[in-house]
Amino acid sequence: MSKDENMLMMTPGPTEVPKRVRKAMSRPIHNPDIDEDFFEFYRSLEEKLRKIYGVEEDVLILGGEGILGLEASIASVINEGEKVLCISNGIFGDGFADFVEMYGGEAVVLEFPYDEPIEEERVESVIEKHDFKASTMVHCETPTGILNDLEGVLERLKEKDILTIVDAVSSLGGTPVPTEEIDICIGGSQKCFSSPPGLTTLSVSDRAWRLINENEREHLYTSLKVWKDTWLNNGRFPYTHLVSNLYALDESIEMILEEGLEEVHLRHERVAQVCREKGRDIGLELFPRTEELSSPTVTAFHVEGKALQLQKKMREEKDILLATSLADLEDDILRVGHMGSNAKKEKVQRTMAGLEAIVKG
Ligand SMILES: *Cc1c(COP(=O)(O)O)cnc(C)c1O
């Protein structure tokens, strides 16, 4: 446990959870299985979530964090032996292929370097060669700070009638996501919503429901069909829902809507700009090959072999918690998360001033 209430947690999820949201979590517990008031609350939460997604279609909120959303999407759509195109320029993009294989599908991975964009032409050429049922991709590759421009790719996939599954866990609610072109779009409570970890959100298109309904797998916890059969069609939850987490998510979304979604997006842009500029001023190099690729929700600096040491010094000397990266890149990338309630100029300035002192010291 942190001994210091003043520690600044600038990680790309979880973020700091605002007091208003923590307070909402402490509301009395309604019985989510029988209380009509709870159902009403839940329906209004779905309405608000639809506004964040900018879609009219069904949205789901599952009890489990982002990874459950990714796994449930694959488990609910893919039958044994079906081919899935996994477009990847990062760690989460690669991870989708593991889920596909785990559920008996055949993953064809179209790989790009982790610091480069997805090339539409290569997507176009691979979908000419195979018969894909679905495709997966990641909007913001959090471990490397890249925001992928997906619109052209989504259009190509749609023309071929290939279902699109997108991990927007660390972008939804912080920057525009092309949700209307996505069949299943996954979000997470502890990233741009600045809620506690514990919930994953999904938008599900009619086309996705058709494939989900045809799916033969027998499962419960990872099944989206179960949610259709219970909550959506019968107004009852498949298992006791995470009441307190839902109160928190509702409050977080309320805060975003009060500020205005567009204003929230702009705030992320502005703060990211401050972070990158200050980084450049103190001699740090961005990990993404070009600045346009850099996400408005997280900035990844390439600090070859120094990330762990810088992270430690920031924590010990400046009381600021930063993230490094994952797997092989752990010691090479230092990340400043500026999403949700952490997308504030003062917080990023304090962070970067601390980093400057450490880098120069
Ligand atoms: C955080 C994150 C997830 C979900 O991981 P958690 O275990 O919920 O933290 C999935 N995808 C991306 C891109 C993420 O940033």
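The values are calculated or read from the model by the stated rules, or taken from the named source; none is laboratory data. Since the model is a prediction, treat every value here as computed from it, not as a measurement. Because the Cβ atoms are built from the backbone with ideal geometry, glycine has one as well, and the counts that use them run over all protein chains shown. Keep in mind that these areas ignore ligands, DNA and RNA; they rest on the heavy atoms of the full protein, side chains included. Shrake-Rupley method; radii C 1.70, N 1.55, O 1.52, S 1.80 Å.
For the stretch 1-93, the average shadow cast by the Cα convex hull is 10.4 nm², which is a quarter of the hull's surface.
Going highest first, how would you order 69-76, 113-120, 199-206 by mean Cβ packing within 10 Å?
The packing order, highest mean first, is 69-76, 199-206, 113-120.
Phi angles across the stretch 118-134 convert, under the Karplus curve 6.51 cos²θ - 1.76 cosθ + 1.60 with θ = phi - 60°, into 3J(HN,Hα) values of 7, 9, 4, 4, 6, 5, 4, 6, 6, 7, 6, 8, 10, 10, 8, 7, 8 Hz, Gly and Pro given as x. Across the chain, the relative contact order, built from alpha-carbon pairs under 8 Å that are at least six residues apart, equals 24 percent. Under 5 Å from the amide H of residue 188 lie the amide H atoms of 201, each residue being 5 or more positions distant or on a separate chain, with H modelled from the backbone and absent for Pro and chain starts. Our coupling estimate for the stretch 249-260, obtained by passing each phi through the Karplus curve with A = 6.51, B = -1.76, C = 1.60 and θ = phi - 60°, is 4, 4, 5, 4, 5, 4, 5, 5, 5, 4, 6, x Hz, Gly and Pro reported as x. Taking packing as the residue-averaged number of other Cβ atoms within 10 angstrom, the listed peptides 346-352, 92-98, 238-244 run from highest to lowest as 92-98, 346-352, 238-244.
Judged by the mean number of other Cβ atoms found within 10 Å, the most tightly packed of the peptides 180-193, 77-90 leads the ranking 180-193, 77-90.
Taking amide H positions as modeled 1.01 Å from N, with prolines and chain starts lacking one, the residues under 5 Å from residue 9 and 5 or more places away or on another chain are 321.
Spatially, the stretch 283-361 and the stretch 100-151 are offset by 26 Å when compared through their Cα centroids.
Using a probe radius of 1.4 Å on heavy atoms only, what accessible surface per residue do you get for the chain? Whole Å² is fine.
With all protein chains present, the chain gives 42 Å² per residue.
In a reduced charge model with +1 at each Lys and Arg Cβ and -1 at each Asp and Glu Cβ, the chain shows a dipole moment near 1500 debye about its Cα centre.
Taking one quarter of the surface of the convex hull spanned by the alpha-carbon atoms of the stretch 101-251 gives a direction-averaged projected area of 10.0 nm².
Between the listed residues 305, 355, 226, the Cα displaced farthest toward the positive end of the dipole of the chain, a dipole computed from Cβ unit charges relative to the Cα centre, is found at 355. Whole-Hz Karplus values for the stretch 107-116 come out as 8, 9, 8, 9, 9, 10, x, 5, 10, 10 Hz, taken residue by residue from phi with 6.51 cos²θ - 1.76 cosθ + 1.60 and θ = phi - 60°; glycine and proline positions read x. Residues whose amide H falls under 5 Å from that of residue 105, counting only those 5 or more places apart or on a different chain, are 81, with hydrogens built in the peptide plane. Rolling a 1.4 Å probe over the protein heavy atoms of the chain, with every protein chain left in place, gives an accessible area that is 47 percent carbon and sulfur.
The Rg/Rh ratio for the chain is 0.97, where Rg is the radius of gyration of the alpha carbons and Rh is the Kirkwood radius.
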